[in-house]
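Please read the structure below before turning to the comments.
Laboratory data are not the source of any read-out in this text; all were calculated from the coordinates shown. It should be emphasised that the depicted structure is a prediction, and the values quoted were computed from it without experimental measurement. Glycine also receives a Cβ, built like all others from the backbone with ideal geometry; neighbour counts cover every protein chain displayed.
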Amino acid sequence: MFERQDWELFRTIDGLSHKAGVPREKIAALIAKELADNALDDSTACKVGLLDGDGVFVHDNGPGLEPSQVPDLFSIKRPLRSTKLLRLPKRGALGNGLRVVAGAVLATGGKLRVYTGGQAMNLVPCADGTTSVEVIGAWDAKGTRVEVQLGPDAGPIDLQWAEWAIIFSHGQSYKGKTSPHWYTSTDLHELCLAAKNTTVSDLISQFESCASKTGAITSGFKAKQATDVTLDDAKILLDRMQNESIPVKPHRLGCSRDENGYLDISGHYAKKEGTFKLESNHEVAEIPYVIEAWTKFEKTADISVLVNRTPITGEVRAYHDKTRLAVFGCGLKNGFDVGRRPPHVCLSIITPYMPITTDGKSPDLSYLLDGIGEAIRKSIRIAKRNASNGPVQSQKYIVLNNLEEAIDKTSGSGLHRYNLRQLYYTEREIVKRDGGGELTYGNFTKIITDYEFGLGRDLPWMYRDDRGIIYHPHKHDTISLGTRMVEVYEPPDWTFNKVLFIEKEGFFQILQDEKWPEIHDCALLTSKGQPTRATRDLIDGLGDGKEEITFYCIHDADAYGTTIYQSLQDATKARPARKVKVINLGLELEEGLDMGLEPEDVEKPKDPRPVANYVSPECGEWLQTHRIELNTMTTPQFLQWLDDKMEEFGRGKLIPPEETLDKELHETAREKLAQDIKERILRENDAEGQIERAFEQLKSVLDSKAKELIDDVTKDLTTKPDQSWRDPVHRAAYDLVERRITD
């Protein structure tokens, strides 16, 4: 009689093929995918590539591994370690993956090297299931790098699975914990049995909405080890957990596209959210899912499937006959009416639990048949609607022809503001969809700027991101500059009569330390380079106000600096000329040379650097290869230079009209009287003593209410998730105080 343990199947290529759930010719492709999946579990990005001699490497930017743990992680004999029993819409970490890698190296006579934790190691998987290690050098880089070279029996190295895993590793992810509604009592019992050295309380605290209620849920089980929980115990615990939590809505699972709706694959996009049911012993677990589909028309039909951001290794085939798409594999054997053009479909499924059909990782997609069918049909409808049979159109035409659609999508039908970058990603997808190629951000901004110039206003609901600040003298406050801020900006009354635009924000601190803005009643303004639209709009708004304000500009003596002043004063495609006069204080070339400032040589460009219209041709030519920065001056030099400019061009201290002075005098006197009288009344009536006595009387009521706060706050936040926990606590406090006054 012969016998062998499960791990021994990893020693041969046929056994490995069985355990991994792929044919032997795809073992090498699987190795690259498994390494990429494990890298992406612990890092935000990774690189995958080929090595000489039939090898592959994967390098991540994560925290790295503890070198002493590496041989065990790559041992085929170690017990199966996985977080997959804890249901989450994520990849399982440290499951069969690294065992498959080690087994492939052993079965094909390959080589395995791991670089992590400061060490470079050569690993040798052995027939007894262990893995020996030899330190071959130091490793100074960040993260972990794994290099694998396999024998010919592993098949050709194909990086497509690994590359797809990297593409889909971004997007929007689920931020919560595993939900008790995703389990039956049998599932929870299995989880308890696998949770070695874990108490029931510790295990329950890992579930959504259960951490703060662990005491009540585990009453009678608190000191019990999870592995001692019976099936009947699991039924009791699960019932309590489900009563204390609400089901997770599918949209919380996230999606493959980022917050701008972008993913670097082609095709017409559709999404379907829903739930499917799993039954066990007359119990039902309701599992949410998000299915995304990208469709484009090709000569023949094809389908690719990913589950939780990584390609499945099970085979799914698609055939197109007349108007019907037939899909077979991984539990599917179904047809869909799609029309006469063969579609190429990419499906991404995100779900906290996917039933499997084999010992490997082939999903049973039959549970999601309805959602898959709806996602495919919806994306094909969109593909048909946007299919172009006419001549190739320009990117500008596509952008502007679809601008209303793009704005509607980006703004949520006008419910939300959006920025230019968000609109770009929406239009980028549309341009690619309509056959316009890759839309660059530079071309897109030029198209939009020209369009807004002709329109005479900004696009609806759009704002520009903050860039730059304004500092108010005497108020000592700094406000970021952006479209939204400028729209609501109200300058403080009679606080400054000058505004100085500075090319470099670095001078702000010097001037503030010297109280220069206060001495000259001058606000400081910068957009860290060329003036933005928000900067120019702010200047226009201040110029339209009731107070007379003078505007100044200082900049480097270089080609770029001269255009800063010009762009502040003159018209642009997006804005007409300023309504106010901006005084150019320099620094100008001749002035810098007269001050003895040392010019700096700069490399002559292929194309001439633009200079302002006021610059002479001789000076413009000199500025192609030289510059004098404001930073060339020492701090005393800079302050003296700026004071001299204010002496020549300034307007002196701000003194408002007589009626403003009169009003300020009367209001300040009244405020002081009110403050003094209120303080005297409070002292004479022992206000502090009354407060302390009243609080002592209320304390017992507060202590009683405090015992209910956890439940009250949790329920309140569930119904009103946009508020802070402090809001319901404050409402409870106000209510108790008001009741005391009423009683």
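If you plug each phi of the range 641-653 into the Karplus form 6.51 cos²θ - 1.76 cosθ + 1.60 with θ = phi - 60°, what whole-Hz ³J(HN,Hα) values come out, in order, with x for Gly and Pro?
4, 6, 4, 5, 5, 5, 5, 7, 10, x, 10, x, 5
So for each of 34-43, 163-172, 730-739 I average, over its residues, the number of other beta carbons within 10 Å; can you give me the resulting order with the highest mean first? Before the final figure, lay out the partial values.
Values: 34-43: 23.9, 163-172: 19.0, 730-739: 12.6.
Peptide ranking by packing, descending: 34-43, 163-172, 730-739.
If eta is 0.890 mPa s and T is 25 °C, what Stokes-Einstein diffusion coefficient results for the range 395-462, Kirkwood Rh from Cα pairs, in µm²/s?
For these conditions, the coefficient is 206 µm²/s.
Rounded, prolate or oblate: which fits the range 6-167, taking a ≥ b ≥ c as square roots of the Cα gyration tensor eigenvalues, rounded meaning a/c under 1.5, else prolate when a/b beats b/c?
Verdict is rounded for the range 6-167.
Using +1 on the beta carbon of Lys and Arg, -1 on that of Asp and Glu, and nothing else charged, what's the dipole of the range 639-696 about the Cα centre, debye to 20? Don't skip to the end; give the middle numbers.
Details: 10 positive and 17 negative charges, 18 e Å.
Result for the range 639-696 is approximately 80 debye, rounded to the nearest 20.
On a straight-distance basis, which aspartates and glutamates could pair with Lys546 in a cross-link, Cα separation under 16 angstrom, same-chain partners fewer than 8 positions away excluded?
Result set, ordered by chain and number: Glu490, Asp493, Glu658, Glu659.
Hey, what do the phi angles of the range 61-68 turn into as Karplus ³J(HN,Hα) couplings, whole Hz, using 6.51/-1.76/1.60 and θ = phi - 60°, x for Gly and Pro?
10, x, x, x, 10, 6, x, 5
Given H placed 1.01 Å from N in the peptide plane, which residues other than close sequence neighbours of Val345 have an amide H under 5 Å from its amide H?
Amide H neighbours of Val345, under 5 Å, 5+ apart: Asp302, Ile303, Ser304.
Set the Förster radius R0 to 25 Å, insert the Cβ-Cβ distance between Glu667 and Asp540 as r into 1/(1 + (r/R0)^6), and round the FRET efficiency to 0.05.
Efficiency, from the Cβ-Cβ distance: 0.25.
Once you order the gyration tensor axes a ≥ b ≥ c over the Cα atoms, which shape class does the range 180-247 get: rounded for a/c under 1.5, otherwise prolate or oblate by comparing a/b with b/c?
Taking the square roots of the gyration eigenvalues as a ≥ b ≥ c, the range 180-247 is oblate.
Dipole magnitude of the chain about its Cα centre, charges +1 at Lys/Arg Cβ and -1 at Asp/Glu Cβ only, in debye to the nearest 20?
On the way: 96 positive and 116 negative charges, 730 e Å.
Rounded to the nearest 20 debye, it is 3500 debye.
Quick query: amide H of Thr199 versus all other amide H atoms, modeled in the peptide plane; which residues come in under 5 Å with a sequence gap of 5 or more or a different chain?
Placed amide hydrogens put Ala226 under 5 Å from Thr199.
For the range 251-386, what relative contact order do you get, as a whole percent, if you take Cα pairs closer than 8 Å and at least 6 residues apart?
After rounding, I find 29 percent.
Which of the following values of percent of Cα pairs over 45 Å apart was calculated from the structure shown: (i) 29; (ii) 49; (iii) 64?
From the options (i) 29; (ii) 49; (iii) 64, the structure gives (ii).
Give me the Debye-computed log₁₀ of I(q)/I(0) at q = 0.14, 0.20, 0.21 Å⁻¹ for the range 153-307, equal point scatterers on Cα only, no solvent, two decimals.
Taking Cα atoms of the range 153-307 as identical point scatterers yields -0.83, -1.17, -1.24.
Would you mind calculating the relative contact order of the range 180-247 from Cα pairs under 8 angstrom and at least 6 residues apart, reporting the percent as a whole number? Mind showing how you got there, number by number?
Numbers: 83 pairs, mean separation 30.5, N = 68.
It rounds to 45 percent for the range 180-247.
About the Cα centre, and with charges only on the beta carbon of Lys, Arg (+1) and Asp, Glu (-1), how big is the dipole of the range 299-343? Nearest 20 debye, please.
I would put it at about 160 debye.
Quickly work out the Ala687-to-His476 label distance, labels modelled 7 Å from Cα along the C-beta direction, and quote it in nm with one decimal.
2.6
Short version: ³J(HN,Hα) in whole Hz for each residue of the range 336-353, in order, from phi by Karplus 6.51 cos²θ - 1.76 cosθ + 1.60 (θ = phi - 60°), x for Gly and Pro, what are they?
9, 6, 10, x, 8, 9, x, x, 10, 10, 10, 10, 10, 10, 10, 7, x, 8
In what order do Cys553, Cys126, Cys46 fall by count of nearby beta-carbon atoms within 10 Å, going from fewest to most?
Cys126, Cys553, Cys46
GluC sites (Glu not before Pro), restricted to the range 598-681: which are DSSP loop and have at most 11 other Cβ atoms within 10 Å?
Of the GluC sites (Glu not before Pro), the ones in loops of the range 598-681 whose Cβ has at most 11 other Cβ atoms within 10 Å are Glu603.
Using amide H atoms built in the peptide plane, which far-off residues or other-chain residues are under 5 Å from Gly62 H to H?
The answer is Thr144.
For the range 122-195, run through the trypsin sites (Lys or Arg not before Pro) and keep only the ones in DSSP coil with at most 14 other Cβ atoms within 10 Å of their Cβ.
Lys142, Lys175
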